[in-house]
Amino acid sequence: MPTRPYVIDEMISAKAIAARIEDLCREIQKEYDGTDKLVVVGLLRGSFVFIADLVRELDLPIEVDFLEASSYGDVMESSREVRILKDLRGAIEGRDVLVVEDIVDTGHTLNHVTHLLESRHPARLKSIALLDKPSRREVDFKASWTGFEIPDEFVVGYGIDYAQRNRNLPYIGKVRFLEG
Ligand code: 5GP
Ligand code: MG
């Protein structure tokens, strides 16, 4: 449960997200033109809305799989230690793999996950994040595609939670704590 009262200020509208996903999918489509072995891997739980919109915009023969990684620590701080809570169901050796993440913040999560998946010898491994906070980076990680660069703000909505709430907002909003 959230500890302090807060409001959510809209930062990126549902319309802007949809338009950006259309553009991204045109690029992704070009990258994977002709392949029939693409596995789109969503990182649970934050990417579930993004991956749903993304795959429906892709006119490619794909498979979908999920992986859950956790970081220990405070509810609003990501940590440096990454643990795999739920692994992929399928093998990815020789496959094209596109990892889908909600936010790249310090970079530890995607850095860890991509290293893990590389060790399974996919044909090609790429990643896409809806949001990127470059000012927060602690490891040198760059997603293959990024939806929006945002400042160092705590955001929710479009799959992303605050203490498990607000995932169902159709837009990305910024959490603003109220006085008192
Ligand atoms: P990283 O390992 O890159 O620091 O962390 C990425 C993860 O931190 C994201 O998948 C997300 O779970 C969490 N995170 C980073 N920034 C935010 C934010 O503004 N709001 C929420 N809810 N989670 C965030
Ligand atoms: Mg996450």
Qualifying position, being within 28 Å of L38 (Cα to Cα) and among the hydroxyl-bearing types (S, T, Y), among S135, S127: S127
Listing of strands (runs of 3 or more DSSP E) fully contained in the range 1-117 that carry 2 or more residues being more than 25 Å from Y162 (Cα to Cα) and away from ligand 2 (no atom under 16 Å from the Cβ): 38-44, 62-71, 96-104
V40 more than 18 Å from V155 (Cα to Cα), touching a residue at least 60 places away in the same chain (Cβ under 8 Å), aliphatic (A, V, I, L, M) and in contact with a strand residue (DSSP E or B) (Cβ under 7 Å, 6 or more places away or on another chain): yes
Qualifying residue in the range 62-83 (condition: touching a residue at least 60 places away in the same chain (Cβ under 8 Å), in contact with a Cys (Cβ under 8 Å, 6 or more places away or on another chain) and among the hydrophobic types (A, V, I, L, M, F, W, C)): no
Leading residue by the ranking (most open to solvent (accessible area, probe 1.4 Å)) among those in the range 126-156 that are of a type in the set (G, A, S) and within 12 Å of ligand 1 (Cβ to nearest atom): S135
Residue in the range 23-38 that is in contact with a Pro (Cβ under 7 Å, 6 or more places away or on another chain), at pLDDT below 95 and either aromatic (F, W, Y) or open to solvent by 10 Å² or more (accessible area, probe 1.4 Å) (or both) present: yes
The one condition in (1) near ligand 1 (Cβ under 10 Å from one of its atoms); (2) without any contact (Cβ under 8 Å) to a residue 12 or more places away in the chain that R45 fails to fulfil: (2)
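The values are calculated or read from the model by the stated rules, or taken from the named source; none is laboratory data. What you see is a predicted model, and the numbers here were worked out from it, not measured in a lab. Backbone-built Cβ (ideal geometry, glycine too); neighbour counts: all protein chains shown. Protein only, heavy atoms only, side chains kept; ligands, DNA and RNA dropped before computing areas. Shrake-Rupley method; radii C 1.70, N 1.55, O 1.52, S 1.80 Å.
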